[in-house]
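Asker: Got a structure for you, written out below as C-alpha cells; questions coming shortly.
The values are calculated or read from the model by the stated rules, or taken from the named source; none is laboratory data. Just so we're clear, the structure is a prediction, and the values are computed from it rather than from any experiment. Don't worry about glycine lacking a Cβ; one is built from the backbone with ideal geometry, like all the others, and counts go over all protein chains shown.
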Amino acid sequence: MNTLTESKNKRGQAVARRQHLTDILHKAFEDGTYQAGMVLPTEADIMEKHGMSRHNVRLVLDVLLNEGLIEKTPGRGTVVTGTLQHSKSTIVTYVLQSPKDWLCAGIMQGSNDFFNGSDYRFEFMQSGDLPTEFDACIDRLIDTPPAGIIIMPLPWHDNQEWVFKLKKAKIPFVIVDSRPFGSNCNSVEMDNRQGGYLAGKHLIEQGYKHLFCVGYKSTGHTYQLRFEGFMDAVKESIEKIETCMPLYYELTNKAERDHVRPWDACQEFWREMVVRLNKSMFPAGVFAGSDIEAYGIMRACNELGIEIGKTIGVIGFDDRDLAIMGSPLLSSIRQSPEAIGLKAAERLKTLIEEGDSECQHIKLKTELIIRESSILKE
C-alpha cells in the first residue's frame, strides 16, 4: 500500500472530524449551552459520543483552551471560563456533502492549512444528497451570512438559482470541485478534461485499439469533462483506433443510491457488458470516470477470469486508496483535494478582504500515475 497516500487521506479525515467537533462545541458556547463555571463532559464521554480518539479530542480541547473558553482545573476537570462571541465577519463556512468523504476532507484540510494562524474560524454545514437539502443550506446562510463560503455543489443539481441568490446577497463564495455548467462565479477545480486526455493518450500509447469510457450516468459536468478530454486524445490518434464507445450505468432510484455501493453497481454492469462484447474487441482499454468505477471493473474481470493488462487495461481517476488496494495496482489520474482547498481559501480571502469583483476559474493540473492495470502485456 502507498503509505504516503494512506497517511494523507487519514490526516485529512482526522482534520475534518476535529473541525466538525470544534464547530459543535463552538455553537454550544454561542447558544449558552456551556456557561462560565460549568464543567465540560470528560474526554472519555466526548470520545464515546463523537466516535473520536483521545488524541483528536485533546487537540480540539487545546483549541478551546487557546481561545480562553476553558481551563483545566485539578480536581474539577475542564471548566468553562468564557463565552464565544465571534463576529460573523470572521467566519468561513464550508458547504460540503460529508466531512468523512476523502475529497471533502482534503479540501477542508487544505483550506485550514491556509487560514491557520489567522483570525478566521470555520463552520461546517453538511449539504446532504438532495437538491432541496442543498438549497435549504444556502437559504440559511443568506439569513445569517458568514464572511465567506467554500461550497461544493451537488453534481446532479441542475437548478442554478442558488448561485444567483448568493450573488444577490453579496456573500463572497468560491465553488470547489465542480462548477455548475455555464455559471460565472469564482471556482477552483482540477482540470478534468486534461486528466481525461492523459488517460486516453496513455491507453493509446500502450497499443489498445478498442477503447471504452465507463461512468455513472448522473454525475454531471465533472464526468462530462473527463470523457471529453479522453475523446480529445482519441481524435488526435484516430487512425490508431478501431472502436471508441462510452458506456454509462445508472441506479434506478434513491433507495438503490443509498444502499448499493458504487463499485458493486459498476461491477455488475461491467460483468454484463463483457459478456455482450464481441471477442474481437479485445484487448480493450477502459477509462473509468473514477477509481470507484475502475475498482468495480477490476473485480468483475477477476470474477470472470479475464486477465487485466492482457485482455483488458484499466485506468481510473482520483488516485485514492482504492487504487492501491486491489490486484493488480490501478493506474489512475491523480487529483489533489488539499491543493483545491488551499487555492479556494486563498481566493476567498482576497474576495473577503479586497472585494475583488473579477470571477476567476482556477484549474489545477492532474497527474498520470501509471501502475500495472493499464500496461498492455505481450
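Asker: Mind counting the residues in the range 164-192 that are buried (at least 18 other Cβ atoms within 10 Å of the Cβ), among the hydrophobic types (A, V, I, L, M, F, W, C) and modelled with pLDDT under 90?
Answerer: Total satisfying the criteria: 1.
Asker: With the requirement that a residue be within 30 Å of ASN159 (Cβ to Cβ) and in a strand (DSSP E or B), what does the range 107-140 give you?
Answerer: Hits for the range 107-140 are PHE122, GLU123, PHE124, MET125, GLN126.
Asker: Going through the range 1-53 one residue at a time, which ones are over 19 Å from THR73 (Cβ atoms), outside any helix (DSSP H, G or I) and at pLDDT 80 or above?
Answerer: Result: THR33, GLY51, MET52, SER53.
Asker: Name every residue in the range 54-75 that is touching a residue at least 24 places away in the same chain (Cβ under 8 Å) and either assigned to a loop (DSSP other than H, G, I, E, B) or in the same structural domain as ARG121 (by TED's automatic domain parsing) (or both), in order of residue number.
Answerer: Hit for the range 54-75 is LEU69, nothing else.
Asker: Report yes if some residue within the range 296-303 is farther than 24 Å from MET152 by Cα and basic (Lys, Arg); otherwise report no.
Answerer: Yes, the range 296-303 contains at least one residue that is farther than 24 Å from MET152 by Cα and basic (Lys, Arg).
Asker: Do the conditions hold for ALA339, that is, is it surrounded by fewer than 18 Cβ atoms within 10 Å (Cβ to Cβ) and either within 18 Å of the chain's Cα centre (by Cα) or outside the structural domain of ASP119 (by TED's automatic domain parsing) (or both)?
Answerer: The answer is yes for ALA339.
Asker: Now a separate question. When the range 193-217 is examined, which residues are found to be at pLDDT below 95, in contact with a Lys or Arg (Cβ under 9 Å, 6 or more places away or on another chain) and either aliphatic (A, V, I, L, M) or closer than 28 Å to TYR94 by Cβ (or both)?
Answerer: If the condition is that a residue be at pLDDT below 95, in contact with a Lys or Arg (Cβ under 9 Å, 6 or more places away or on another chain) and either aliphatic (A, V, I, L, M) or closer than 28 Å to TYR94 by Cβ (or both), then GLY215 is the only one that fits.
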